[in-house]
């Protein structure tokens, strides 16, 4: 999972088409405020990602799956790097 600090985002939109899970949405959408705060919290806790990594083996099967946050999310940071 990738999070983006809302104060560092310049709203250029480049990341939206690059997101393979179509998960990046404009902050003008309904219920966006909860995701802005989610991004703020975890971008301050987790390490910065500086290199592209391969998707998880199950990524394609989970694309569009409902309830992923409740099923799989962990506050534990990944490796970063």
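The values are calculated or read from the model by the stated rules, or taken from the named source; none is laboratory data. Just so we're clear, the structure is a prediction, and the values are computed from it rather than from any experiment. Because the Cβ atoms are built from the backbone with ideal geometry, glycine has one as well, and the counts that use them run over all protein chains shown.
Counting only helices (runs of 4 or more DSSP H) that sit wholly inside the chain, those with at least 1 residues that are at pLDDT below 85 are 15-18. Among the residues of the range 43-52, those that are without any contact (Cβ under 8 Å) to a residue 40 or more places away in the chain and over 14 Å from residue 19 (Cβ atoms) comprise 44, 45, 47, 48, 50, 51. Residue pairs whose Cβ atoms lie under 7 Å apart, separated by 6 or more positions or on different chains, with the first residue in the range 20-37 and closer than 14 Å to residue 9 by Cβ and the second part of a helix (DSSP H, G or I), are 24/15; 24/16; 25/32; 27/36.
Can you confirm whether residue 40 is surrounded by 10 or more Cβ atoms within 10 Å (Cβ to Cβ), farther than 22 Å from residue 80 by Cα and free of Cβ contacts under 8 Å to residues at least 60 places away in the same chain? No. Return a yes/no flag: does the range 56-70 have any residue that is loosely packed, with under 11 Cβ neighbours inside 10 Å and within 13 Å of the chain's Cα centre (by Cα). For the range 56-70, residues loosely packed, with under 11 Cβ neighbours inside 10 Å and within 13 Å of the chain's Cα centre (by Cα): present.
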